1. From A:ALA100, A:ALA110, A:ALA74, which residue is within 25 Å of A:ILE49 (Cβ to Cβ) and within 14 Å of chain B (Cβ to nearest Cβ)?
2. Given A:CYS20, A:CYS44, which one is within 16 Å of ligand 3 (Cβ to nearest atom), over 22 Å from A:ASP116 (Cβ atoms) and within 14 Å of chain B (Cβ to nearest Cβ)?
3. Which of the residues that make up the range B:178-212 are under 18 Å from B:LEU160 (Cβ atoms), surrounded by 10 or more Cβ atoms within 10 Å (Cβ to Cβ) and free of Cβ contacts under 8 Å to residues at least 60 places away in the same chain?
4. So which of A:ALA32, A:ALA80 ends up being open to solvent by 40 Å² or more (accessible area, probe 1.4 Å) and either within 14 Å of chain B (Cβ to nearest Cβ) or not acidic (Asp, Glu) (or both)?
5. Kindly evaluate A:LEU200 against the criterion of being in contact with a Phe, Trp or Tyr (Cβ under 9 Å, 6 or more places away or on another chain) and either within 14 Å of chain B (Cβ to nearest Cβ) or within 16 Å of ligand 1 (Cβ to nearest atom) (or both).
6. Of all residues in the range A:154-165 being more than 10 Å from chain B (Cβ to nearest Cβ) and part of a loop (DSSP other than H, G, I, E, B), which is surrounded by the most Cβ atoms within 10 Å (Cβ to Cβ)?
7. Among what's in the range A:127-176 and is within 16 Å of ligand 2 (Cβ to nearest atom) and under 12 Å from the mean Cα position of the chain (by Cα), pick the residue that is farthest from A:SER108 (Cα to Cα).
8. Specify which of the listed residues (A:ASP116, A:ASP96) is within 16 Å of ligand 2 (Cβ to nearest atom), closer than 28 Å to A:TYR234 by Cβ, acidic (Asp, Glu) and modelled with pLDDT of 95 or more.
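The values are calculated or read from the model by the stated rules, or taken from the named source; none is laboratory data. Quick caveat: nothing in here was measured; it's all calculated off a predicted structure. Here the Cβ is made from the backbone with ideal geometry for all residues, glycine too, and neighbour counts use every protein chain on show. The accessibility values were calculated without ligands, DNA or RNA, using every heavy atom of the protein model including side chains. Shrake-Rupley method; radii C 1.70, N 1.55, O 1.52, S 1.80 Å.
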Amino acid sequence: MTEIPKEEMLLKCPSTCAGCGSLLALRYILKAAGKDTVLVIPACCNSVIQGVYPYMLHTVPVYNIAFAAAAACASGMSEALRAKGEKTNVIVYAGDGGTADIGIQALSGALERGEDFLYICYDNEAYGNTGMQRSGATPLGAITTTTPNGKTVNKKDLDRIVEAHNLPYQATACSSYPADIYNKVKKALSIPGPKFIHILAPCPPGWRIPSEKTVEIGKMAVKSGIWVLWEKEYDKFTVSAPSRAAMKRPVPVGEYLKAQGRFRKVDEKTAAVIQANVDKNLKKIALEAAQSEETE
Amino acid sequence: MSELIMSTGNKAVAAAVKMAKPLVVAAYPITPQTEIIESIADYVEAGDLKARYIPVESEHSAMTACIGASITGVRVFTATSSHGLLYMHEMLHWAAGARLPIVMGQVNRTLAPGWNIWAEHTDALSQRDTGWLQVYVSTVQEAYDATLMAFRIAEDNRVLLPVMINMDGFLLSHIMQPFEMTEPGDFIPPLDLPHKIDVNDPKGYGAMSPANVHYQFRFDMEKSMRASRTVINETEAEFAKRFGRSYAPVEEYFCDDADVIIVAMGTLGKEAEVAADLLRKEGIKAGVMRIRWLRPFPLDMNIKGKDLVVIDRDCSFGFGGVVAGEIQARYPDAKIASVIAGLGGQEVTYEDMAEFVRSRKMGTEFWFGIPQEEQ
Ligand SMILES: Cc1ncc(C[n+]2csc(CCOP(=O)(O)OP(=O)(O)O)c2C)c(N)n1
Ligand code: SF4
Ligand SMILES: [Mg+2]
């Protein structure tokens, strides 16, 4: 069993919506990272939920920066701290829009240069801050305010893009599995160089689910295989325990879709495409895991 | 007869865009503008506007996609605000330099840090040298009308420069007012872009232009900016004739006999009329000039001998109020009391404005809300 510190690094005053998956994840990220940490946050829900000057939610320094710029800011911060001989963790906490869309250039640059920082993308699959417009990470079929009839193209495979940078550590996670988040952040921060964790973070207003269903919906994502928990340390690829169990007998993705208002307009044909995408991805992941084991 | 409907400024701009029928809209969300592009996305999905809507991944790409679309000779539109506008900055120069009649809804909002979504003009004013025409509106009706006129002005072959319609964040973008959704009919003629891409007449665009020609391109832009004054006047006159609502580049309110004139842009310029009424009741002969078109800059303001209280909802650090400075530069004899007010959404009431007038010290700069001893 993982021993997660009791001490809270977030004060009890967030202005998130009730049931915010991104805040739940951050709670465990900071427990894992500890006090010697700086957060870099681009424009996103997390730039709003910290509260209003002169108050703050976090007990570590938070540096807010422009929407496209998080990874570049973290690069400078990390280089400067290392130049001063300081080990302080530099962690970007950014949304899917700030990562997969407007911020991807700065992210790619920082990863390629090998900057020593941890980039965490919490993925609520839309632009939450501005009221739920589509992002590159919005899944096929999801209603957003700019895709009122459901998105007609697929979610961008951000992890494969990041993977192409050959990081020393990369992982996926989900707000519904806090111990998994905690362990992955701990491990990431023990490794020098650029690290990336992509967290699926259910978002009640955006996903049109009741606020008490955050954890349940995240678990459904994992159990259906539409979201797979894995980690990759250098070349070693491992499927994480909850997904290992789920992949043995995935629940049909239809149940995950039906539980959320944002998929209300998904017809049978689109549902079948989504299921086929899930099946294909699960096969790819199983193969990758098997190959990685072989080369051990 | 056109219908009268209740609408926010954002929705009025979107409605005008629907009337103008652009073929391509490329845009990116940002508060407080997002309602414009969400409304347009709705029109497109519902088939009410036959346009391609490109949901780009950044404002840099929004403006660039508009450039790519515009050079094929089609009408294009985008909207943004604040940081989005700043993120477009490079491409604003590209759009104007390429002489593309792109129309943009721009909702004025404060710049970070600290994050702040309320009204301020520094965003647009920091883009004033990009070659875009800039108009600032003060009512929902004016937002609608100015958007319709913007297409006609931008696309006029004497202009061929992009136009930015500025509207105060929340104070106008989210305020509901009744407005007349006038059908423009043939008020906006079909676009005929003389330099559009044509495979039967291949041209190079934006190639190396050495020192002996580059300034000529730039003078050509300047000439068009100057000509746009005439085009704006003609367009506003034609609009008044057809639809009965008249606008001038600088709207005047009781200026003729005024001893002191409040000069402001956007909603402050409208609210100032109430301040002027109040002052007149006290026996102070006050008037208001609301600058609508900041680019091209108005050269015929009737300010001789009058005290000007110029309210800037912006600041050029180390210089002062941008509008006050521009007036002083173009009218060296102008007597100005400069007031910096309303930054970051700071509330400025008509009472406050009346007090700026009463307590004005000509030739000084006053920061509203800062104690006198720190000024
Ligand atoms: C250059 C720029 N463009 C647009 C915005 C407006 N904006 C702020 S946050 C945001 C969306 C953020 O989405 P995401 O990164 O997914 O984070 P979330 O809000 O969902 O937490 C947008 C469009 C901005 N601040 N700066
Ligand atoms: S919109 Fe979603 S991500 Fe943003 S604060 Fe609310 S629940 Fe959290
Ligand atoms: Mg998001």
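1. A:ALA100
2. A:CYS44
3. Listed by number, the residues that qualify are B:PRO189, B:ASP198, B:SER209.
4. The match here is A:ALA80.
5. Numbers: in contact with a Phe, Trp or Tyr (Cβ under 9 Å, 6 or more places away or on another chain): yes; either within 14 Å of chain B (Cβ to nearest Cβ) or within 16 Å of ligand 1 (Cβ to nearest atom) (or both): yes.
The answer is yes for A:LEU200.
6. Ranking the qualifying residues of the range A:154-165, first place goes to A:LYS155.
7. Filtering the range A:127-176 for residues that are within 16 Å of ligand 2 (Cβ to nearest atom) and under 12 Å from the mean Cα position of the chain (by Cα), the one farthest from A:SER108 (Cα to Cα) comes out as A:SER176.
8. Values: A:ASP116 fails: within 16 Å of ligand 2 (Cβ to nearest atom).
Sole residue among the options that is within 16 Å of ligand 2 (Cβ to nearest atom), closer than 28 Å to A:TYR234 by Cβ, acidic (Asp, Glu) and modelled with pLDDT of 95 or more: A:ASP96.
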